[in-house]
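The values are calculated or read from the model by the stated rules, or taken from the named source; none is laboratory data. Keep in mind the model is a prediction, meaning the values are calculated, not measured. Because the Cβ atoms are built from the backbone with ideal geometry, glycine has one as well, and the counts that use them run over all protein chains shown. The accessibility values were calculated without ligands, DNA or RNA, using every heavy atom of the protein model including side chains. Shrake-Rupley method; radii C 1.70, N 1.55, O 1.52, S 1.80 Å.
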Amino acid sequence: MATIKAIGVAQYGSIDNLESRDVPRPSSPTGHDILVQVKAMTVNPIDTKVRNGTYDDAPDYYNHVSHAFHIIGFDGSGTVLETGPNATSFKPGNEVFFVCSTTRQGSAAEYVLVNSRGCARKPAALDHAEAASIGLTFGTAYQSLLERLEIRKGEDVEINGGGGVGSAAIQIARNVLQLPVVIATASRPETIESCRRMGATHVVNHREDLEAQIKALDLDVLIKYAYVVARTEQYIEALGNIIAPFGKVCSIVQAKFDFYGSAFMSKSLTFSWDWLGSSAYHAMNLDGFHRVFEALACLVEEGKLVPNLTRRLRLDLAGLREAHRLIEGGRRCTIQT
């Protein structure tokens, strides 16, 4: 049987549990699947949590993963080698970026089977490492802002955060939705500068009193939307006071909190979660998933969105272990062949 090189874990746990193995080459694709030769992948917090055995965006996640050797990695970029009969959007030779289903084998391998509805053509101006950095972060931000918060072009204001998804959301808010005011939250000089470079009109310190800082901005618009990309419970009371009546809040991070005693009820605020993996996990709205990625590819080609790639490493065991160390230290990076 033909084999390929892959990196993953036989037992969930520390970074040292990552190992490189020869595994069976994926079978020819069926249905909507395509077989992709991986050229690059991006390492995100989800990768480290799955590897560590602590991933909790779905409470029954590990009940749905039955791999004796779990190949880690959820987004990437590469070349299509084969297509299933229903994967009509692509053909062999196409270059694509993609996001894998969280329960299937991942992208830290020479080849990976991916549902074609989780893929889009690679923007020609980007190399594979840059393209690999788009899927999870920009896909999450786009879905959150346009589908969960339902922000429309030119509306008032949004509160944002730093990091990969936060910086993607700032760009989408300013360059795609054309919001006149985008308030980002950051505390370190480098993240403050990054938020401004991505297009934030204001930056406030999330370690200090958010309500007082935003009040001091003396804005002449209502704050209608908040997007939370960090532990949510620490911001609930402040957001209830900051957001205008009938506004919306969206979070991408699991949390425990109680709305009781906050202003959410009196203001009729809407709260929603957003997990990019929901469509694949529950086998619903997969075509919508594809439309999001195609839209992102067009926006990158139009120059409205810029990948937030910060560090490149080699796609081997040493490179992946280093990437996981960087992620657990608060950084983000892409590894490539």
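Filtering the range 100-135 to residues that are open to solvent by 30 Å² or more (accessible area, probe 1.4 Å), of a type in the set (A, V, I, L, M, F, W, C) and in contact with a Ser or Thr (Cβ under 9 Å, 6 or more places away or on another chain) leaves only L113. Can you confirm whether F246 is surrounded by fewer than 20 Cβ atoms within 10 Å (Cβ to Cβ), closer than 28 Å to G154 by Cβ and not charged (D, E, K, R)? Spelling it out, F246 is indeed surrounded by fewer than 20 Cβ atoms within 10 Å (Cβ to Cβ), closer than 28 Å to G154 by Cβ and not charged (D, E, K, R). With the structure loaded, tell me whether L286 is in contact with a strand residue (DSSP E or B) (Cβ under 8 Å, 6 or more places away or on another chain), farther than 30 Å from H64 by Cβ, aliphatic (A, V, I, L, M) and surrounded by 15 or more Cβ atoms within 10 Å (Cβ to Cβ) or whether it fails that test. Here the answer is no, as L286 does not meet what is asked.
I'd like the full set of residues that are part of a loop (DSSP other than H, G, I, E, B) and either modelled with pLDDT of 95 or more or more than 25 Å from the chain's Cα centre (by Cα) (or both), limited to the range 74-88.
Going through the range 74-88, the residues part of a loop (DSSP other than H, G, I, E, B) turn out to be 74, 84-88.
Listed by number, the residues that qualify are G84, P85, N86, A87, T88.
Entry remark, the range 48-76: residues being surrounded by fewer than 16 Cβ atoms within 10 Å (Cβ to Cβ), farther than 24 Å from I335 by Cβ and of a type in the set (S, T, Y) number 1 in total.
Answer yes or no: is there a residue in the range 259-268 that is closer than 26 Å to F138 by Cα, crowded, with 18+ Cβ neighbours inside 10 Å and more than 19 Å from the chain's Cα centre (by Cα). No, because not a single residue in the range 259-268 is closer than 26 Å to F138 by Cα, crowded, with 18+ Cβ neighbours inside 10 Å and more than 19 Å from the chain's Cα centre (by Cα). Return yes when I192 is out of contact with any helix residue (DSSP H, G or I) (no Cβ under 9 Å at 6 or more places or on another chain), assigned to a helix (DSSP H, G or I), at pLDDT below 95 and open to solvent by 20 Å² or more (accessible area, probe 1.4 Å) and no when it is not. Spelling it out, I192 is indeed out of contact with any helix residue (DSSP H, G or I) (no Cβ under 9 Å at 6 or more places or on another chain), assigned to a helix (DSSP H, G or I), at pLDDT below 95 and open to solvent by 20 Å² or more (accessible area, probe 1.4 Å). Any residue in the range 60-70 that is at pLDDT 95 or above, in contact with a Pro (Cβ under 9 Å, 6 or more places away or on another chain) and assigned to a loop (DSSP other than H, G, I, E, B)? The answer is no, given that none of the residues of the range 60-70 is at pLDDT 95 or above, in contact with a Pro (Cβ under 9 Å, 6 or more places away or on another chain) and assigned to a loop (DSSP other than H, G, I, E, B). Here the range 1-44 is the region considered, the condition is being closer than 21 Å to S133 by Cβ and polar (S, T, N, Q), and the residue that is nearest to the chain's Cα centre (by Cα) is N44. In the range 77-99, of all residues being open to solvent by less than 10 Å² (accessible area, probe 1.4 Å) and of a type in the set (A, V, I, L, M, F, W, C), the one that is nearest to L35 (Cα to Cα) corresponds to V80.
Given the criteria over 29 Å from D274 (Cα atoms), touching a residue at least 40 places away in the same chain (Cβ under 8 Å) and surrounded by 16 or more Cβ atoms within 10 Å (Cβ to Cβ), does P45 qualify?
On the way: over 29 Å from D274 (Cα atoms): no; touching a residue at least 40 places away in the same chain (Cβ under 8 Å): yes; surrounded by 16 or more Cβ atoms within 10 Å (Cβ to Cβ): yes.
No; evaluated as a whole, the condition is false for this residue.
In the set (1) over 28 Å from A168 (Cα atoms); (2) among the small types (G, A, S); (3) open to solvent by less than 10 Å² (accessible area, probe 1.4 Å), A40 fails one condition alone, (1).
Out of the residues in the range 138-158 that are farther than 21 Å from S278 by Cβ and open to solvent by 10 Å² or more (accessible area, probe 1.4 Å), which is modelled with the lowest pLDDT? Lay out the reasoning, then the answer.
To start, the set of residues in the range 138-158 that are farther than 21 Å from S278 by Cβ comprises 152-158.
The next check asks that each one be open to solvent by 10 Å² or more (accessible area, probe 1.4 Å); those that pass are 152-156.
Details: R152: 85, K153: 81, G154: 71, E155: 72, D156: 63.
By that ranking, first place goes to D156.
Just to be sure, is A280 among the small types (G, A, S), open to solvent by 30 Å² or more (accessible area, probe 1.4 Å) and within 30 Å of V96 (Cα to Cα)?
Numbers: among the small types (G, A, S): yes; open to solvent by 30 Å² or more (accessible area, probe 1.4 Å): yes; within 30 Å of V96 (Cα to Cα): yes.
In short, yes.
Restricting L286, L269, L296 to those that are of a type outside the set (F, W, Y), touching a residue at least 24 places away in the same chain (Cβ under 8 Å) and within 21 Å of R174 (Cβ to Cβ) reduces the list to L296.
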